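For reference, the structure discussed in these notes is given below.
The values are calculated or read from the model by the stated rules, or taken from the named source; none is laboratory data. What you see is a predicted model; the values in this text were computed from it and never measured. Neighbour counts run over all protein chains shown; Cβ positions are idealised from the backbone, glycine included.
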Amino acid sequence: MFEPKYTITNKLLANVKQIGQIVSGLNERRFPQVVLFEMERIAREVSAHASTSIEGNPLPLTDVKRLLKQSPAHIRDTEREVLNYNEALLALKKQVDAGVKNLEKDHILFIHRLVTKNLLANFNSGFLRTAPVFVNDPKLKQTVYWPPDAVDVPTLLNDLLLFANTQKNNIDALLLAGIFHKQFVLIHPFMDGNGRTVRLATKLLLAGLGLDTFHLFSFERYYNANVTKYFATVGERGNYYDLAVDFTVWLEYFTDGIIDELLRVKGELEKFSQAPAAGLKDYHHLILNYLHEHGSINDAIYTTLVSRAKPTRALDFRYLLDQGLIERHNKGKASYYCLKEAK
């Protein structure tokens, strides 16, 4: 049975308390649906960029935004990594919305299959490793960590999942998710794609424990801001079988990241709620919700959604244009509207 070692320090206790207060405050607020849609879109872009960037993907955030918007047919591996991660985010969000509670081995394999699709050989994508792997330090140009033997991986992963699913009433959700994250990294259950998989699995676990990170924020952003510190804190050096791992420092860092991102999101929501968009009418929301689902709208489509005269419909679009929420493409009868891309 997996029994992690950690200490509830004053810092860790304060972090957990602060996170609870921030989340409680956000839950008490009511924000326009269009604001939440926009925040979710931004969070997904940031997550797809940050989590792949952590692993060395060179695409800047501006290119990631463009890629997710266009989804071109012919792509490079760096672009495929981003698109795969975004697809996984969308797929897991559906599972969260459907009420998935426990994190199971099938979820882990499903996530890995999505993030490595067309990037790894079929016999490695969505399957636990059957060969040894090593973690190297590129600066030292030498191996610094030896994960457990492949033959032990299924048992170690099962023990970790059992721990995560049975200790929900005994251990705070944040600590449970943090412990899961680090131990998964140490087990290193796949030949490649472990980092992307564990960050998504941690999001799924947190959502099941009551903290949904799919809709508004991206803790991957915090890790990507200082990749060296992330790897130094989440990883270990030496042979897995010789380690006496203490999770305390990592848990402090993990909760620091949650706080950092929650505070950023809180600030963004405050700005949104004070903007003119907070006073949108129902018919404005109808346009914006349609754009969120379908990508574009024109007057002919809008006519089928409302019973409003043509001059009034034109004023509806003009108001959203003036608020900087949508942008117009083409002219005259060929005009159509899209959500304005966040800068």
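When Q167, Q142 are screened for being over 24 Å from N224 (Cβ atoms), in contact with a strand residue (DSSP E or B) (Cβ under 7 Å, 6 or more places away or on another chain) and without any contact (Cβ under 8 Å) to a residue 40 or more places away in the chain, only Q142 passes. Among all residues of the stretch 20-33, there is none that is crowded, with 20+ Cβ neighbours inside 10 Å and either free of Cβ contacts under 8 Å to residues at least 60 places away in the same chain or in the same structural domain as L175 (by TED's automatic domain parsing) (or both). Of all residues in the stretch 55-78, those being surrounded by 18 or more Cβ atoms within 10 Å (Cβ to Cβ) and closer than 17 Å to A225 by Cβ number 3.
Per-residue answers, yes or no, for (1) charged (D, E, K, R); (2) out of contact with any Asp or Glu (no Cβ under 8 Å at 6 or more places or on another chain); (3) more than 19 Å from I42 (Cα to Cα):
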{"site": "N289", "(1), (2), (3)": "no, yes, no"}
{"site": "Y302", "(1), (2), (3)": "no, no, yes"}
{"site": "L321", "(1), (2), (3)": "no, no, yes"}
{"site": "R328", "(1), (2), (3)": "yes, yes, yes"}
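Of a type in the set (F, W, Y) and at pLDDT 85 or above - does that describe any residue in the stretch 317-332?
yes
Screening the candidates K17, K93, K5 for the property of being among the charged types (D, E, K, R) and modelled with pLDDT under 95 yields one hit, K93. The requirement of being assigned by TED's automatic domain parsing to the domain that holds L205, at pLDDT below 95 and of a type outside the set (A, V, I, L, M) is not satisfied by N158.
Taken as a whole, the condition of being surrounded by fewer than 22 Cβ atoms within 10 Å (Cβ to Cβ) and in contact (Cβ under 8 Å) with a residue 40 or more places away in the chain applies to K101.
Pick from the stretch 223-250 the residues that are under 18 Å from P148 (Cβ atoms) and without any contact (Cβ under 8 Å) to a residue 60 or more places away in the chain: which of them is surrounded by the most Cβ atoms within 10 Å (Cβ to Cβ)? By that ranking, first place goes to V234.
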